[in-house]
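Novice: For reference, the structure I am asking about is given below.
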Amino acid sequence: MSIQKIAIAVGLLAAATLAQAKLPAPPPLTPEAAAKADEAKAKAAYNTKVDAYKLCKAMDKAAANYFKTTAGAGKQPSAGAPACTDPGPFSYVPPKPAEAAGAHSPAAPATSPPSNQAPAGAPTPKKP
């Protein structure tokens, strides 16, 4: 390799290193944006269930057609296949915020220390 090619390779390596500078962190989501993102996630999960239901129904229809017309004539489909479950209509119930659930508040204020025993490494007082 010539010195020019090595110099170009080192220059490109330095440029690539500078190009991969750390990007600033994205701003935190507002409560409204977080709620909207949660709803979109729930809607996507629902759509996945609907797609699985439609696929199940199509597979049942194809299997019925196979057993009715082709090599499976006179045979019955196996009864071990699970039934297709309809996901029903989409419904989203937003979760309660932590403040409303009381998750951060203690049950009652402490009125005594957690235990009345001396720590394991503490010397025991001598009685006179």
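Taken together, the values in this text are just the output of simple stated rules run on the coordinates, not laboratory data. Small disclaimer: the values here were computed from a predicted structure and weren't measured. Note that each Cβ is placed from the backbone with ideal geometry, even for glycine, and that neighbours are counted across all protein chains shown.
Novice: Which of Lys54/Lys96; Lys41/Lys96; Lys36/Lys96 have a Cα-Cα distance over 21 Å?
Specialist: Correct reply: Lys54/Lys96.
Novice: By how many nm would the segment from Ala83 to Asn65 lengthen if fully extended, with 0.36 nm per residue of separation less the alpha-carbon distance?
Specialist: Net length gain for the segment: 4.8 nm.
Novice: Still on this model: Excluding Asp60 itself, calculate the net charge of residues whose Cβ lies under 14 Å from the Cβ of Asp60, where each Lys or Arg counts +1 and each Asp or Glu counts -1.
Specialist: Value of the local net charge: +3.
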